[in-house]
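All of the numbers you see were taken from the coordinates with simple rules; none came from a lab. Quick caveat, the model's predicted, so the values are computed rather than measured. Ideal geometry is used to build each Cβ from the backbone, glycine not excepted, and the neighbour counts take in all protein chains shown.
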Amino acid sequence: MPTIARYAVTTLPPLILITMGAVTWVGYGALALIWLTVLAAGLDHILTPPERADGDHAPWSDTLSVVLSVGHFTVLGAVLWAVAQPGMSVAGKIVLVLAAASAFGQISHPNAHELIHRRPRLLSALGAAVYTSVGFGHHVSAHRLVHHRHVGTLDDPNTPRAGESFWAYLPRAWAGSFAAGWTCEADRLARKGQTAQTLANPYLLWVGGALAALLAAVAIGGGVSALTLLFLGFLTGAQVLMSDYLQHYGLSRLTLPSGRVEPVGPHHSWNAPRGFSSYLMMNAPAHSEHHMHPDTPYDRLDPGADVPTLPHAMPVMAMIALVPRAWHRVMDKRAAKVMAAAEARIAA
């Protein structure tokens, strides 16, 4: 079965189940939550990813990306409506919210990330709209203008430092990426002779769109729905930043003898092991070069290549990262070993 078909089979059912859980029986939401957690982790022990082949995603990748985006907005609206209904139990509402948050982090984020890198403006705008709907629109600017250019350096807020816990990284990266993205957009406009307050600044869309989504939530279900949207936004943003934390922990770009910072290379990102769920998380439709130097794409390398590899699947590593002592015990020596090898290559 082509990879794109496997991706569809894995990602579409939970979106359908959550929507059904919101409008019919909440048990469907529980099934979606199980699908996104237990089943996804279990697949790593059952299935191995297929070999990547050129054109494997064509021609349905754009269609699937659009469908997943529509699914995101459908789930968001359905859940915001459901939590405001007096007939649903508190436990049921909690299940729906947690299922939606998991779907947004594991499905909507990878899909939106791919869309914001697409050349067709409509597809790029759709990806931006997904992020903006949960109050994380600034990621579009910060990721493309800051993270891609400065990953592995102190100039990138989304690159975790060696020894930094996820809980210390989370607020620093969130606030730092918002500010750094704004600075880059302001500089871009200044080069065109415009001010940061012009309507051409996309931050007006990121912030204004988030406020519009909040007002829509109030219209759907009042204060309860608005608070739910804020909570979903926090959980989604935390998962986006968790992804960067897992992929770049402790890996930095070194200074070359020339005094310049080395180009981005394979050793600046942790690769996912050969588990099926990790493969799907790292290979959304129309997969683009995620973290890359303008001339050096590297995250398309298959698992097992000569790149740093996480010891466990991405979902498992995310759980470990929530416990700093366990995370440092698992990762610090591995990161130090990668950096020592990089220093040796430069010295040679």
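Does the stretch 92-161 come out rounded, prolate or oblate, given a ≥ b ≥ c as the square roots of the eigenvalues of its C-alpha gyration tensor, rounded meaning a/c under 1.5 and, failing that, prolate meaning a/b above b/c? Walk me through the numbers on the way to the answer.
Details: a/c = 2.74, a/b = 1.40, b/c = 1.95.
Cα axes put the stretch 92-161 in the oblate bin.
List the residues, sorted by chain then number, that are 5 or more residues from T309 or on another chain and whose placed amide H is less than 5 Å from its amide H.
Under 5 Å from the amide H of T309 lie the amide H atoms of N271, each far enough along the sequence or on another chain.
Net charge around T195, counting only other residues with Cβ within less than 13 Å of its Cβ (Lys, Arg = +1; Asp, Glu = -1)? Don't skip to the answer; put the middle values down first.
On the way: positive: R188, R191, K192; negative: E185, D187.
The answer is +1.
Would you mind putting 139-152, 186-199, 5-18 in packing order, based on average other-beta-carbon counts within 10 Å, highest first?
Numbers: 139-152: 22.1, 186-199: 11.9, 5-18: 19.7.
With the highest mean Cβ count within 10 Å placed first, the list reads 139-152, 5-18, 186-199.
So how long is each side of the stretch 135-241 along the principal axes, counting just the alpha-carbon atoms, biggest first, in Å?
Over the stretch 135-241, Cα extents along the principal axes are 43, 42, 15 Å.
Among L215, L232, which comes first, then next, by fewest other beta-carbon atoms within 10 Å? Intermediate results must be reported in sequence, preceding the final value.
Working: L215 11, L232 25.
Going from sparsest to densest Cβ surroundings: L215, L232.
Gain in length, A200 to R149, computed as 0.36 nm per residue apart minus the alpha-carbon separation, to one decimal in nm?
Working: separation 51, 0.36 × 51 = 18.36 nm, distance 2.20 nm.
Going from the current span to full extension adds 16.2 nm.
Sum up the charges of everything whose Cβ sits under 15 Å from the Cβ of V323, counting Lys and Arg as +1 and Asp and Glu as -1, but leave V323 out. Don't skip to the end; give the middle numbers.
On the way: positive: R325, R329; negative: E164, D332.
Charge balance near V323 sits at 0.
Taking the alpha-carbon centroid of each part, what is the distance from the stretch 317-348 to the stretch 123-172 in angstrom?
So the separation of the two Cα centres works out to 21 Å.
Can you work out ³J(HN,Hα) from phi for every residue in the stretch 248-259, in order, using Karplus 6.51 cos²θ - 1.76 cosθ + 1.60 and θ = phi - 60°, giving whole Hz and x for Gly and Pro?
3J(HN,Hα) across the stretch 248-259, in whole Hz: 10, 4, x, 10, 10, 8, 8, 8, 6, x, 6, x.
Just to verify a number: FRET efficiency for F231 and A347, C-beta to C-beta distance, R0 = 51 Å, to 0.05? Kindly include the intermediate steps, with their values, before the conclusion.
On the way: r = 49 Å, r/R0 = 0.96.
The calculated FRET efficiency here is 0.55.
Can you list the residues, at least 5 places off or on another chain, whose amide H is less than 5 Å from the amide H of V261, using H built in the peptide plane?
The answer is L256.
Between W167 and K337, what FRET efficiency follows from the Cβ-Cβ distance if R0 is 30 Å, with the result rounded to 0.05?
Working: r = 25 Å, r/R0 = 0.82.
The value I calculate is 0.75.
Compute log10 of I(q)/I(0) for the stretch 81-198 with the Debye formula, placing one identical point scatterer on every Cα and leaving out solvent, at q = 0.14, 0.18, 0.19 Å⁻¹, to two decimals.
Debye intensities relative to I(0), on a log10 scale: -0.75, -1.05, -1.11.
What ranking, highest mean first, results for peptides 218-226, 176-184, 243-251 when packing means the other Cβ atoms within 10 Å averaged over each residue?
Values: 218-226: 16.1, 176-184: 19.4, 243-251: 23.2.
Descending packing order for the listed peptides: 243-251, 176-184, 218-226.
Sort the stretch 138-177 into rounded, prolate or oblate with this rule: let a ≥ b ≥ c be the square roots of the eigenvalues of the Cα gyration tensor; rounded if a/c is under 1.5, and if a/c is not under 1.5, prolate when a/b is larger than b/c, oblate otherwise. Spell out each step's value before the answer.
Details: a/c = 2.97, a/b = 1.44, b/c = 2.06.
Because a/c hits 1.5 or more and a/b fails to exceed b/c, the stretch 138-177 counts as oblate.
Local charge sum around S165 (other residues, Cβ-Cβ under 14 Å, Lys/Arg +1, Asp/Glu -1)? Mind dumping the intermediate values first?
Details: positive: R161, R172, R325, R329; negative: E164, D332.
Surrounding charge for S165 is +2.
Among M20, M314, M331, M319, which comes first, then next, by fewest other beta-carbon atoms within 10 Å? Intermediate results must be reported in sequence, preceding the final value.
Values: M20 17, M314 25, M331 21, M319 13.
In order of increasing Cβ crowding within 10 Å: M319, M20, M331, M314.
Please list 320-330, 336-346, 68-78, 201-211 highest first by mean number of surrounding beta-carbon atoms within 10 Å per residue. Walk me through the intermediate numbers first.
Working: 320-330: 15.2, 336-346: 13.3, 68-78: 20.5, 201-211: 17.5.
Most protected by this proxy first, the peptides run 68-78, 201-211, 320-330, 336-346.
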